[in-house]
Every structure is written in C-alpha cells, then in structure tokens.
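A.B. asks: There's a structure below that I have some questions on.
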Amino acid sequence: MRSVLLFVCAALCLTGAIACRDRSAAIAETKITAALQSDSIQTGNVVRYLLDIPGSFVNWKGMNVMGGNGHQGYIKPLMGNLAIDANGRIAGGFFELDMNTITTTDKKDTSSNNGLVSHLKDPDFFDVSKYPRGIFRLTKAIKISGDSSYSITGELTLRAITQEIQFPATLIWNGEDIVATASLSIDRTKWGITYKSGSVLSLMKDELLEDLVQVSLDLRFRQKRGC
C-alpha cells in the first residue's frame, strides 16, 4: 500500500510540474507576443528607439501661386519609434502627428485663436475635429551612400487617406540617440485638401494656393533601455 501511495504522489507531482511548465511557457509566449507588438521596447535582435517628443518637429510651409512669403509653421508628433536590426539596418518605424498642435511661426499670434490656425484646422484643410491624427509608417529604407544618407519610402495618412511617399533623409547616430532630418514636398490635393487649388478650381492666379507643401522633418529618437 505504501508503494502505491508513493507512486500516486510521484505521478501527481510530475503532472503538476508539467502543468506549471506549460503555464510558464504560455506566459512567456504571451510576453513575447506583447513585446513584438510593443512600440517601446527591445525585441529579439531589433532595438527600438523612441521618438523624443519635445525635441521633434514636423515643419511645413505653404505658398501662394503668385509667390510672396506664404505661411509656415510646425506640427508636433504625438508618438513614434524607429527599429534598427542587428546589422544596423532600419527595420521599420512610424510617427504619429497630433494635428491639434498645428501652428504658425510667421505670425506673432501663434495661439489656437489665430485666424489662420483656426482655418487650417477646419474642413477646408485638415478637418482636425474629424481627423485629429496623422501618421507616417516607414515601409522601406535604402542606404544611398556613406553612413547617413537614405532613401525613405512610407505611407502618409491624413484625413483618413493614405498615400505612398518617397524622399531622401539623413540619419545620424549620436551615442544612443538617432537624429533624422529630411526635406520633401507633398501634393496636398492627394489627401483631399483642395482649398484654392488651381488643379481643381478656376480662380484668378492671385487667389490660388500652391498644391505642393514644403515639409521638413527634424526627428530625434532615443534608445529605450530596460526589459
């Protein structure tokens, strides 16, 4: 009888150990899955650099068809990251824009009560109350020459419209930080922004706004530490 009891106890202990191991494996798998979906931690051989919000800007400049100074300003990013693989290649990345932060830098009044800022937020332009976020997702990064020049391809979503864009960029490693800069032009009409566009409306030239908007990126990423 004692032998039987010992056998039963051993079997129960073994079953419990296997169950614990399976639960541990399931928990580990869940953690790994969560890590792969996270935008803020290191995963496997990919290191993620988090966007430094205070130090990052997306600058814009719009012009009249007939010239003049036009207007310029910036939009602040809300979040973002850049993924670098074990070979130092760019594996992916994104940044999200808070469209409510759009402002001008060529006017003394840069508050949300500024007439131009209010107009940029209304349906003629970005319709911010309906589309408060914009997002850029990097799909391809090809090194052009040296250590810092890249050809970037990605998808820009504004007003719930997604278009592919491509532009040259410079990425400079500074210790555990990466500074990414770029200058490009986007055709606003591709995102449904047709206010005073000569390609859509028949207006006098002095009433038209350029379809191409000049954009410059000044983005700073910082390596995320910790498990």
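A.B. asks: If you go through the stretch 180-193 one residue at a time, do you hit one that is under 23 Å from Ile102 (Cβ atoms), open to solvent by 30 Å² or more (accessible area, probe 1.4 Å) and assigned to a helix (DSSP H, G or I)?
C.D. replies: yes
A.B. asks: Exactly one of these conditions fails for Phe95: (1) surrounded by 19 or more Cβ atoms within 10 Å (Cβ to Cβ); (2) among the aromatic types (Phe, Trp, Tyr); (3) in a loop (DSSP other than H, G, I, E, B). Give me its number.
C.D. replies: (3)
A.B. asks: Can I ask one more? Suppose we keep only residues that are among the aromatic types (Phe, Trp, Tyr) and outside any loop (DSSP other than H, G, I, E, B) within the stretch 125-167. Which one would you say is nearest to Leu82 (Cα to Cα)?
C.D. replies: The residue in question is Phe136.
A.B. asks: Out of the stretch 122-175, which residues are in contact (Cβ under 8 Å) with a residue 12 or more places away in the chain, more than 21 Å from Asp218 (Cβ to Cβ) and either within 13 Å of the chain's Cα centre (by Cα) or surrounded by 14 or more Cβ atoms within 10 Å (Cβ to Cβ) (or both)?
C.D. replies: Passing the criteria: Phe125, Asp127, Val128, Tyr131, Pro132, Thr139, Arg159.
A.B. asks: Tell me, which residue of the stretch 104-121 that is modelled with pLDDT under 95 and either under 14 Å from Pro77 (Cβ atoms) or among the basic types (Lys, Arg) (or both) is least open to solvent (accessible area, probe 1.4 Å)?
C.D. replies: The qualifying residue least open to solvent (accessible area, probe 1.4 Å) is Lys107.
A.B. asks: Name every residue in the stretch 58-92 that is surrounded by fewer than 19 Cβ atoms within 10 Å (Cβ to Cβ), among the hydrophobic types (A, V, I, L, M, F, W, C) and within 26 Å of Asp127 (Cβ to Cβ), in order of residue number.
C.D. replies: Met63, Val65, Leu78, Met79, listed by residue number.
A.B. asks: Sort out which residues of the stretch 152-207 are modelled with pLDDT under 95 and of a type in the set (Phe, Trp, Tyr), and write them in order of number.
C.D. replies: Scanning the stretch 152-207 gives Trp173, Tyr195.
The values are calculated or read from the model by the stated rules, or taken from the named source; none is laboratory data. Bear in mind that the values here come from a model prediction, so they are computed numbers and not experimental data. Positions of Cβ are generated from backbone atoms using ideal geometry, with glycine treated the same way; all protein chains shown enter the neighbour counts. Ligands, DNA and RNA are excluded from the accessible area calculation, which covers all protein heavy atoms including side chains. Shrake-Rupley method; radii C 1.70, N 1.55, O 1.52, S 1.80 Å.
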